[in-house]
Structure formats: C-alpha cells, structure tokens
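Note sheet for the following structure.
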Amino acid sequence: MNIAITNGLLLMPPAFRAGLNAWSQTNGTSGSATWANAANAALIPADQDFGACLEIVKQQGTTSIRFMGETPMIPGVYLRVSARVKAVAGALASARIGAWAGNGSRNHVTGLVEAGPAVPMTAYGDIIEVSAIVGVGARSGVDMSWGTAPTYGHFGVDLIGSNGGAFRIESVQIEDVTAAFVPSLLDWVDVRDFGARGDGTTNDRAAFIAADRAANGGHVLVPEGEFLISGDLSIDSPIRFRGRITTPTSTRVAFMQSFDYPTYAKAFGDETLGLKKAIQALLGYTDHVVLDLCGRRVDLEEPIVVAEIAPGLGGFANRRVIQNGSVLAKPGAAWNTGRWTSVATYDPANPNLLTNVGNVGAIEIGSRVIGNGVGREVYVAGRNVAQKTLTLSQPLHGGAATRSYSFERYRYLFDFTGTEISKLNFSNLDFACDGEASAVMLPARGELMQFRDCYFTKPKDRAITSVGRACQGMQVDGCEFLSSDLDLPAQDRTTVGINVNANDVKIRGNRFVRFAHFMVANGGGHMITNNHWFQGDGSGQGLRYAGLVLTQTNIQTTVSDNYIDNASIEWTNEHSALPDFTGNQYSFGGLTIIGNTFLCSDTASWFTWITVKPFGTGHFVQGLMVVGNVFKALYGDVDRIDRVDTSIADLNYNRMRNLQFEANTFNGVSTYVANPLMVQYTQANAASTWTLPVIEGLPFQGWAKSVLSVVNETAMFNGSNQRIDPAPYVETEQGGSKRQLRLQWSQPTRGSVCIYARMDRPQ
C-alpha cells in the first residue's frame, strides 16, 4: 500500500474505522504486515470515551501501529503527531509516538531519532495523550529533527513495556504546527527549518540555499550556532545573523541583498575575517560594485593579502569600490617588517633583473631593495626561486656588479601583490595605520586605480606603494596624508607617501604632512596640481629635502597650483640602468612648473626649491618651464631657488635649450633667477671693451650663451665726454665660468646698458 499525503491534501491519516489495512504492525513500509485480520486487534465501535477506536492486546516488547501513507517532510514545515490512549485490562504499559524515516529512494534513513517521549499508563480507564514534533530543523521543542535527508515518514504509536495488557487507541492525528515555530506575520525564514545543524562540522550550504529560495522576498535568519559552509554560496535574500558561519579559505560567500561590511563582520564573527570575505566576494564577480563599510571602523589583526583570499585573480577589470569607513591596524607581530640581506648580480643588459640571488626563496615579492647603486623606491616585482632571480620594479643606476643588497618587506592594511586588478577605487576611507602598518600595496599589474577623499593616518613606512604597473592612470584626489615621522627632524624621516612606476598619474587636491618624500615618481604624463605638501620641522637653520622626486628624464609632467612648503622638487635619472647620456635617449625635459606657491622658513641658506640631480654624465635640460610661481623665504634668506646637485655628475651647460623662467615672484631670495634674465651694467670709464661680472641669476648658474638685446639706458659718451651713438657687438660665454658677457664698442665708450641674456639656445 502506498498512500502519499502531499501538499494541498489533508495531513490527517484516516480513522481506524476506515480499515486496518492502512496500518502496519512494523515500520509502515509497503508490503509490511497490517493490523487487518490480526488476532490481537479489533475495532471497537462505541467506546464511551473514544467512540470508534482500535483495541490491541500487547504481545510484543514494542508493539507498533504505523500509518502506511507517506507523510512528506517539507523543509520549513513542522508536524505534530499525536494520539489518545488508555489501558482497559491486564498489565499496564507506556505509549509514545513512533516513526520511520525514508528518503527519495524509499530506503531507511538511519541515525535519526524516530520516537517521541514515552508516557506511562498508571490506571485503567485513564486517558493519556502522547505527541511528538517532527521537522527538518533542529529547533527547541522539536522531538524528531530529521534534517533534509528524509523526504517522507511513516508515523503512528508504539506501546512499550510489559505484555498482556489491552489498550484502546482513539486515532492518530498529524497536524501542521509550523505557525508555532515561525509566526505567519514574520517575513523571515530560519535556516534551521531547512536542515541547517549549526554544529560547526556539518556542511549547511544546502540548507542555506533552500532557505534562500523559500524566503520569497522575505529575510533569511541565521540563529545562534556555528554554521559550516563549504562551497561557494550566493544568498539572494536579505540575511541577518545571530550565529556565525565558517568556511574554507577558498569559499566565496555573497550576500546579494545585504552586501556590506557590517553583515560580513557579523556573519563571520570576526572583523578581520569579515572584511577579507567581503573583499573576496567583491572581487568574485558578484553583481555588487560597492563594498560599503557603513561608517564602521574595522580593527585588523593582520594584513589583508588579497592573493590569499582570491588566489589566481588576474585580469579583473570591473570597477569596484571600497568606501565609507575606517580600517585600523591593531598592534601585533603580524605587522613586523620582513628583512633579509643577500648577494646578487646586476647587469644593465637585463635592467630589471637581479641574478644569482642568495637565499632567494626567503625574499618576499613586494620587498624594497636597498644598496649601493639602487635608486629610491625600487621593489621586488617578481621572483623565480628555481633560477635564483628577482624581477625589479625599476632598473638600478649603479652599473654591472655583484653586490650585497638589503630587502625590507613592509606590511600593508591592503596588500594586492600577486593579483592583476584594474579600476579598484577607495573612497571616504580612513587608513588608520597609526604607526603599526603601511596602507596600500597596489597590484603588480592593472591600471586606473583611484583614491578619493581618504585619510592616510601615520603609515609606518609607506602610504601607497606600487611594485609594478598598476599605478598607470592612478588618481589620488582630495586625500590627507599624515606621516608617522611628524616629530622627527626632516633628515631623519623615512616614510614615503606615494611611489609610481607608470604614466599618467593624477595627484590633485591632497595634503601631505612631513614625509621624507611625499611622492617618488617614475613615468611621464603626470598631473600634480592643487596639492599642499610641507616637510619642515622646528630646527633652526634646518635641513629640507625633496617632497616630489621625479626619476625619469623626459616626463611631460605638469606641477601646477600647489603649495610647496619647506620641500623641493628633485629631478633625477636614478632609475636608469645606463645613466650616462649617450645621444640615444632624451635628457631632462618636458617639465612644467607653473602657478605654485613655494615657501620655506628658518632653513639653511643653500636650500633650493628646484634641484636637478644627474646620475650620469652628459645630461642637460632640454625643456623646462618655471612660470608664474611665488618663492618666499621666512626667517632668513635663501641664496637662490634652483641648483644642480653635482654629487654624482654635473650637467652639460653647452647643450641647454628651451628653459623658460619668467613671471615669478621672489621674497627673501638673494638671487633673482630668470631666463631670459635682465642684466643692468654701468661702465664708469670709457672703454672699448666692457666685461660684465659673472652672472648669477641664470637658471642652474648656466652659461651666458646668448643675448636677446642690448639697450642703452643712458646717453653714451666717448673718452672726450662727447655724446655718441655706437652699437656694440656681444661676446658670450666669457670667463672661466662662461657666465660672463663682453661688449665690444667701436671706440671707448661709457654709460649704462640693459641686457637680456639667456643660458640656452633653441638648438
């Protein structure tokens, strides 16, 4: 017999008077013996308490009465099975609800509770009621929690205890009591109702999926407990947590309607892990573009290394945003800098490679390289342990040699090394490094990263680090960078705000406070505008260093409308494997410095705001505009605004061309610098040859290479004190320094002239 009770039909089994062939003597399965024609069973037509009922004389230790219909087990539905029983003669016994669980293949599901609580009968004629709650979920009050393996059950009554007694059973009732567990007015479903165990070991993924499907526009509730999810999971319904979930590292969990950091922190019961799993989902091709921290502060116990939570992430170029909160590094050993020393060989023919690297397996990708011949902000971009090589983010200027190098691996709040990501944006975030951690290490590959309206608070070593080309087209707008070196003299600071290796970076409207360098930039096409960087200290006659370091010779870069305070712009070629100028490359050119305010205070008199530092011989400046700026020194004058740092090499002043220094304002600067430069000279005694003093005001103390005009400012007189109107010719590049001019007159002449001289030529 196979009577199936399904959705839409009554759950109640037929009364006994309808026929005992629907009731099994064992487990209720098809083919089992029924109570029809059993010698120890009879239908009583008119019991005074029950009316029509079943009477059984107990002859076995457990006497079972099972309905042979298949009552379906539906996730989310709870059933109450009950019966009224009384003893009428013989030995007294106990009664309980009994069951048999079957799966979709009609096999028995073992290991489950298949009996309700037993109730003893203590007197003849006393009516007892036995009942049990059965359902999928492991809820309080559920006597038989079966999970999702059974798809149906056979239910009835068991008589247990002494044999020989006669017992009457009124009926077996099966009722839907789901409302007692999930009130109908609530718009949520509980994952326990769909088989979730919450024991930390059972994989509850299927139950979460079933609950999500059943929510039908409502919410999913995860109650107290620890729910293991193994295998990627996407929940389309809003979800809230009282308990927490655990997953293997590789499992992605996407809360599609509750995609925000507070939900993930609650879901995983840990702030660091919650943020890791939220970022894992963000970069896992979910429908969400934005991960919102909802104004929360995240306390990180360790770096978020994205390659560990999203291994193999490459070519991800969908716009993603992390926004609106604070990320704080909590003190701990996880932030300690890794340090190694190793001997390696460098060959300029392979400019971005170190070979024969000792202990190469210990040196982490992302480590900064330090040593003789190494420029600033050179990092390990790749590693081949088998070949004992390290790939570098920039070439080394020191030439071919085998040297000892040091490596330092800083720890970052967000570490994207080992991934390839583009269009990742950070907005309205406080990177609260607090001297414990650095902020962000960019991916090795990618482009178009963006930081907007963020705070970088006291990064231990670096704020934004690039070890590859993901800085291409990066935008940093409206951010505040506050160094952890605030209280140190300028010469003792080591923190760096930003470094870049690629082109077209936009740094706009930011504020940088007391870094060793606010930015070290290779590449070209940069726009650095409307920023304020200041690097002074309280030292009298203090030292001042470069705020902006540009390490490519021909850069097409604009530095405009900035407030540059107690810091210089330093222009070098330190990231060149062949730093000497050979004629096969460009020399220094393409830099525009326009409309900035330059300030210094209480500093050494030899400080300059614009410095060119060649790392090889033969270089010259072939394109530089310094126009419309204000230069002001407070509490002590400075000698001039510009210089060449000749500690390694000097410039070739004979090849200077296309320098424009004009319309600038000077205050507290001893030497006015311009190109063309107006030079006024008075010859008191008549002479045919006028030799002017050394000209100090040409940019970089360049040679006096050309004269645009010579204008008489007074009447000219000969040796007899007669007025004459001669015209001189000019001899340039005079004197040992070649910074003098000589005027040759047709006769001895005295008077005053105004000369416009230049230190360059068009070609």
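The values are calculated or read from the model by the stated rules, or taken from the named source; none is laboratory data. What you see is a predicted model; the values in this text were computed from it and never measured. We place every Cβ from the backbone using ideal geometry, glycine too, and count neighbours over all the protein chains shown.
Which ones in region 130-146 are touching a helix residue (DSSP H, G or I) at 6+ places or on another chain (Cβ under 8 Å) and surrounded by 22 or more Cβ atoms within 10 Å (Cβ to Cβ)?
GLY135, VAL136, GLY137
Restrict the check to region 214-229 and report whether at least one residue is within 22 Å of the chain's Cα centre (by Cα), farther than 22 Å from VAL305 by Cβ, modelled with pLDDT of 90 or more and not hydroxyl-bearing (Ser, Thr, Tyr).
no
Can you name every residue in region 117-150 that is charged (D, E, K, R) and under 30 Å from PHE227 (Cα atoms)?
If the condition is that a residue be charged (D, E, K, R) and under 30 Å from PHE227 (Cα atoms), then ARG139, ASP143 are the ones that fit.
Going through region 180-206 one residue at a time, which ones are in contact with a Lys or Arg (Cβ under 8 Å, 6 or more places away or on another chain) and closer than 22 Å to SER250 by Cα?
GLY198, ASP204
Give me the residue from region 524-545 that is crowded, with 23+ Cβ neighbours inside 10 Å and of a type outside the set (Lys, Arg) and, out of that set, nearest to TYR586 (Cα to Cα).
In this case the residue turns out to be HIS526.
Can you tell me which residues in region 595-610 are in contact with a Phe, Trp or Tyr (Cβ under 7 Å, 6 or more places away or on another chain) and surrounded by fewer than 24 Cβ atoms within 10 Å (Cβ to Cβ)?
Passing the criteria: THR597, SER601, ASP602.
Name the pairs: first residue in region 298-318 and part of a strand (DSSP E or B), second residue of a type in the set (Lys, Arg) and surrounded by fewer than 19 Cβ atoms within 10 Å (Cβ to Cβ), Cβ to Cβ under 8 Å, at least 6 apart or on different chains?
ASP299/LYS330; LEU300/LYS330
Could you count how many residues in region 238-251 are surrounded by 17 or more Cβ atoms within 10 Å (Cβ to Cβ), without any contact (Cβ under 8 Å) to a residue 40 or more places away in the chain and in a loop (DSSP other than H, G, I, E, B)?
Residues meeting the conditions: 3.
Exactly one condition in (1) crowded, with 20+ Cβ neighbours inside 10 Å; (2) out of contact with any Lys or Arg (no Cβ under 6 Å at 6 or more places or on another chain); (3) modelled with pLDDT of 90 or more is false for CYS294; which is it?
Against the list (1) crowded, with 20+ Cβ neighbours inside 10 Å; (2) out of contact with any Lys or Arg (no Cβ under 6 Å at 6 or more places or on another chain); (3) modelled with pLDDT of 90 or more, CYS294 comes up short only on (1).
Given the conditions (1) under 17 Å from LEU424 (Cβ atoms); (2) without any contact (Cβ under 8 Å) to a residue 12 or more places away in the chain, and given that ALA439 satisfies all but one, which numbered condition is not satisfied?
If we test ALA439 against (1) under 17 Å from LEU424 (Cβ atoms); (2) without any contact (Cβ under 8 Å) to a residue 12 or more places away in the chain, just (2) comes out false.
Pull out all pairs, ordered by first then second residue, where Cβ-Cβ is under 6 Å, the residues are six or more apart or on different chains, the first lies in region 623-636 and is hydroxyl-bearing (Ser, Thr, Tyr), and the second is surrounded by 15 or more Cβ atoms within 10 Å (Cβ to Cβ) and outside any loop (DSSP other than H, G, I, E, B).
Listed by first residue and then by second, the contacts come to TYR635/SER601.
Taking the residues in region 7-24 that are touching a residue at least 40 places away in the same chain (Cβ under 8 Å), surrounded by 12 or more Cβ atoms within 10 Å (Cβ to Cβ) and out of contact with any Phe, Trp or Tyr (no Cβ under 6 Å at 6 or more places or on another chain) as candidates, determine which candidate is nearest to VAL88 (Cα to Cα).
Looking at the filtered set, the residue picked out is PHE16.
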